[in-house]
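**Q** First the structure, then my questions, so here it is.
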Amino acid sequence: MKMHVDAAYRSLNKYGEELCGDKVKIVRTPDSTIAVLADGLGSGVKANILSTLTSTIVSTMMKEGSTIAEVVETIAKTLPVCNVRKLAYSTFSVLQIFDSGEAHLVEFDNPPCIFVRNGKVIDLERQSELKEYGGKHVTECQFSVRPGDVLALVSDGVIYAGVGQALNFGWNWDNVSSWLAKTTLKENSAPRLAVSLSEAVRELYLDRPGDDSTDLILRISPKRMVNILSGPPVNKEDDNRMVHDYITSYGKKVVCGGTSANIVARVLNRKIETSINYVDPTIPPTGKIEGVDLVTEGVLTLSRTVDILRDYLNKEADSFYFRKLDEENGASMIAKMLLEECTDLRVFIGRAINPAHQNPGLPSDLSIKMKLIDELCVLVEKMGKNVEKLYY
């Protein structure tokens, strides 16, 4: 079974700093996901440059197939050295998870990776002898993952949260890992775990982080497909083919738009039941068709869905954001499905132009709805999910 890695992260800047000294890079290759967390020495601009340089070198070289020895040696030769401490460096962790479930972890001076399975912290057997590359000590570890596993890479700002403030000696690794293990039993989506952990760290620092604090959460999930159908086909005779392709597709099913819902109901000879429950007066209510998970209105709902996903990607998600995501309106329901219950999105797009969705300023082949669907697909791809578009 092919594994999908759902990845999400949150960073808190050291109090008073405009730039974060930690940097996360997530790279998808044809057969794996590579996640890098680099922590630059100190804080502010210098740390930001060091961590950006390190994470970029590591992720690019790993993607090109370089060995870890080559990667560390390149970093050792590239980064400038601090005159006072004789250190240049930026610490880093690299986790490469292959679609087969094999994982390769490399750590250099960062807090150890936290591995949670079924609500329990699993000890990873790192190679006992410390390898030395380019004069730097590095630990390595090979292991296997399976669906439901959660892994966390954290910078030391997370481990020391609360030092001298809420706690005498900081939160420490054992406390962070047991907190994460407990939280995965209640909440297992990567975006929510990343936000929850970041908010816990912020509280321990009493809103004044003493160090840059980043958590990167990786959750292993099996393939989960979401199918969205929107817009009538250019030729009416293609209605049956489009609906047949859509309804026989594996996975959850969403229909966006009144005309689209009518076509699906007619072809399947089923009724549309419209909800009269207006949870949000700005978003039209949802409906039901037997065999379809969610039926929504078109342009207004898609537009709000795009806004919700854009807020998440702009790192504006917090616990208030997730409360909005749990609302029972069409846009929140689609966004939640795409963010938390989807590894692959397939969109069935009818190219017929609805005059009501036409902006006089746009060329006739580019309706507002088509533009929204394209934008939605781009955002879902940015979240690391696979997108396939089928036109009719």
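The values are calculated or read from the model by the stated rules, or taken from the named source; none is laboratory data. Model, not experiment: these values are computed from the prediction. For neighbour counting, all protein chains shown are included, and Cβ atoms are generated from backbone atoms with ideal geometry for every residue, glycine included. Just the protein is used for accessible areas: all its heavy atoms, side chains included, with ligands, DNA and RNA removed. Shrake-Rupley method; radii C 1.70, N 1.55, O 1.52, S 1.80 Å.
**Q** Across the stretch 27-53, what is the number of residues that are open to solvent by 60 Å² or more (accessible area, probe 1.4 Å) and either assigned to a strand (DSSP E or B) or closer than 23 Å to L197 by Cα (or both)?
**A** 1
**Q** For L124, work out the one condition from (1) open to solvent by 30 Å² or more (accessible area, probe 1.4 Å); (2) in contact with a Pro (Cβ under 8 Å, 6 or more places away or on another chain) it doesn't fulfil.
**A** (1) is the only condition that L124 fails.
**Q** Taking the residues in the stretch 103-120 that are assigned to a strand (DSSP E or B) and surrounded by fewer than 17 Cβ atoms within 10 Å (Cβ to Cβ) as candidates, determine which candidate is farthest from the chain's Cα centre (by Cα).
**A** Ranking the candidates gives K120 first.
**Q** Now for a separate question. For the stretch 250-306, enumerate the residues that are among the β-branched types (V, I, T) and open to solvent by 40 Å² or more (accessible area, probe 1.4 Å).
**A** Result: T259, V267, I272, T274, I276, V279, T282.
**Q** For the stretch 1-26, name all the residues that are in contact with a strand residue (DSSP E or B) (Cβ under 9 Å, 6 or more places away or on another chain) and open to solvent by 30 Å² or more (accessible area, probe 1.4 Å).
**A** Across the stretch 1-26, the qualifying residues are M1, K2, Y9, S11, N13, K14, K23, K25, I26.
**Q** Could you list, in sequence order, the residues of the stretch 333-358 that are within 13 Å of C256 (Cβ to Cβ), open to solvent by 10 Å² or more (accessible area, probe 1.4 Å) and either at pLDDT 95 or above or in a helix (DSSP H, G or I) (or both)?
**A** Across the stretch 333-358, the qualifying residues are M333, M337, H357.
**Q** Need pairs with beta-carbon distance below 7 Å; first residue within 14 Å of V292 (Cβ to Cβ) and within the stretch 269-280, second among the charged types (D, E, K, R) and open to solvent by 100 Å² or more (accessible area, probe 1.4 Å); sequence gap 6+ or separate chains.
**A** If the second residue must be among the charged types (D, E, K, R) and open to solvent by 100 Å² or more (accessible area, probe 1.4 Å), the pairs left are R270/E290; E273/K288.
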